[in-house]
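The structure under discussion appears below in the form of structure tokens.
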Amino acid sequence: MNPAPAAAVPRLHPKARLQRDEVRGRDVLLYPEGLVTLNPTGAEILGLCDGVRSVADIVAALEQRYGASGLEQDVMSFLDGLGAKGLVIYGR
């Protein structure tokens, strides 16, 4: 699978859902076959995957929020990993 370009617009697969697990005190990505436990950064990235923002927009928002730079590779690797599992899809 090829990595998504920065202009790609990610969103969660319709059968996947970002949810807070109050018992574990963590955010999780639920899907029919199971769940992925997320760290706070992963949950924040997925929270920005609204089908409107591009990968570049998401990276810019995170870099501005944290006063950091060079996050593009990390964000793209995270999204590509979930994309390979069919949990994140691209397109408007």
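Each value in this text was obtained by applying a stated rule to the coordinates, not by laboratory testing. Nothing here was measured: the structure is a model prediction, and the numbers come from that model. FYI the Cβ positions are ideal-geometry reconstructions off the backbone, even for glycines, and counts take in every protein chain you see.
Modelled label positions at residue 56 and residue 22, each set 7 Å beyond Cα in the direction of Cβ, lie 4.2 nm from each other. For residue 13, the amide hydrogen comes within under 5 Å of the amide hydrogens of 88, 89, counting only partners 5 or more places away or on other chains and with H modelled in the peptide plane. Averaging Cα coordinates gives a centre for the range 15-30 and one for the range 44-92; these two points are 18 Å apart.
Quick one: length gained pulling residue 15 to residue 66 fully straight, 0.36 nm per residue minus the C-alpha distance?
Details: separation 51, 0.36 × 51 = 18.36 nm, distance 3.04 nm.
The span from residue 15 to residue 66 would gain 15.3 nm if fully extended.
Residue separation of residue 77 and residue 6 scaled by 0.36 nm, minus their Cα-Cα distance, works out to 24.4 nm of gained length. Calculated on the alpha-carbon coordinates, the convex hull of the chain measures out at 90 cubic angstrom per residue.
Translational diffusion coefficient, Stokes-Einstein: compute it for the range 1-44 using the Kirkwood radius over C-alpha pairs as Rh, at 10 °C and 1.306 mPa s, and state it as an integer in µm² s⁻¹. The partial results should precede the final answer.
Details: Rh = 11.9 Å.
So the translational diffusion coefficient is about 134 µm²/s.
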